[in-house]
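Remarks on the structure that follows.
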């Protein structure tokens, strides 16, 4: 085992966990997950069956990554980010065959308490502001804020806001 898992973490088999990854307190990784190398999975994180997490991904505390979410390399997911996977959930209707995929492209960052509605792609190195509600696809390097999230500028690869010309 070339990764660290806190004794309170639950990792269901089979799953693949990359070298140097750290999984912290009270997290649950369900079966058939693939988590890359050098990831940090914070406290109380749930990763659903079959989810793929790239290399160098950081998922902060209290995040649930549901089936249908794919995180490419170097993604940052802030504390208490919310993902959905069904557009019109009802407790009394089974809709697991209606899951819509959410793709988070390389280097994207999602701020604390943001909500990402299912069926959308967050472009490379985009930056989603804290508390934003993403209801559509996001362009690479876009800076998004608000509810619903709207583009207010561009960021560079390091997350610094680019000056308007």
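Can you find a residue that is under 21 Å from residue 31 (Cα atoms) and surrounded by fewer than 18 Cβ atoms within 10 Å (Cβ to Cβ) anywhere in the stretch 106-118? So far as the stretch 106-118 goes, no, none of its residues is under 21 Å from residue 31 (Cα atoms) and surrounded by fewer than 18 Cβ atoms within 10 Å (Cβ to Cβ). State whether one or more residues within the stretch 134-149 are under 19 Å from residue 64 (Cα atoms) and either in a loop (DSSP other than H, G, I, E, B) or out of contact with any strand residue (DSSP E or B) (no Cβ under 7 Å at 6 or more places or on another chain) (or both). Yes, because at least one residue in the stretch 134-149 is under 19 Å from residue 64 (Cα atoms) and either in a loop (DSSP other than H, G, I, E, B) or out of contact with any strand residue (DSSP E or B) (no Cβ under 7 Å at 6 or more places or on another chain) (or both).
Does residue 79 satisfy the criteria of being assigned to a loop (DSSP other than H, G, I, E, B), free of Cβ contacts under 8 Å to residues at least 40 places away in the same chain and either more than 25 Å from residue 27 (Cα to Cα) or in contact with a helix residue (DSSP H, G or I) (Cβ under 6 Å, 6 or more places away or on another chain) (or both)?
Here the answer is no, as residue 79 does not meet what is asked.
Only a single item in (1) in contact (Cβ under 8 Å) with a residue 12 or more places away in the chain; (2) over 29 Å from residue 147 (Cβ atoms) is not met by residue 94, and it is number (1). Is the stretch 82-91 home to any residue that is touching a strand residue (DSSP E or B) at 6+ places or on another chain (Cβ under 7 Å), buried (at least 17 other Cβ atoms within 10 Å of the Cβ), free of Cβ contacts under 8 Å to residues at least 40 places away in the same chain and under 11 Å from residue 45 (Cα atoms)? No, the conditions are met nowhere in the stretch 82-91. Output the residues belonging to the stretch 12-29 that are at negative phi and in a loop (DSSP other than H, G, I, E, B). Passing the criteria: 12, 13, 14, 15, 18, 19, 21, 24, 25, 27. Residues that are part of a loop (DSSP other than H, G, I, E, B) and in contact with a strand residue (DSSP E or B) (Cβ under 7 Å, 6 or more places away or on another chain) were ranked within the stretch 150-163; the one that is modelled with the highest pLDDT is 159. Say whether the condition of being surrounded by fewer than 15 Cβ atoms within 10 Å (Cβ to Cβ), modelled with pLDDT under 95 and part of a loop (DSSP other than H, G, I, E, B) is met by at least one residue in the stretch 30-43. No: the stretch 30-43 contains no residue that is surrounded by fewer than 15 Cβ atoms within 10 Å (Cβ to Cβ), modelled with pLDDT under 95 and part of a loop (DSSP other than H, G, I, E, B). Just to be sure before I move on: is residue 162 surrounded by fewer than 15 Cβ atoms within 10 Å (Cβ to Cβ), over 19 Å from the mean Cα position of the chain (by Cα) and more than 24 Å from residue 46 (Cα to Cα) in the structure I sent? Yes.
The values are calculated or read from the model by the stated rules, or taken from the named source; none is laboratory data. All of these numbers come straight from a predicted model, not from anything done at the bench. Don't worry about glycine lacking a Cβ; one is built from the backbone with ideal geometry, like all the others, and counts go over all protein chains shown.
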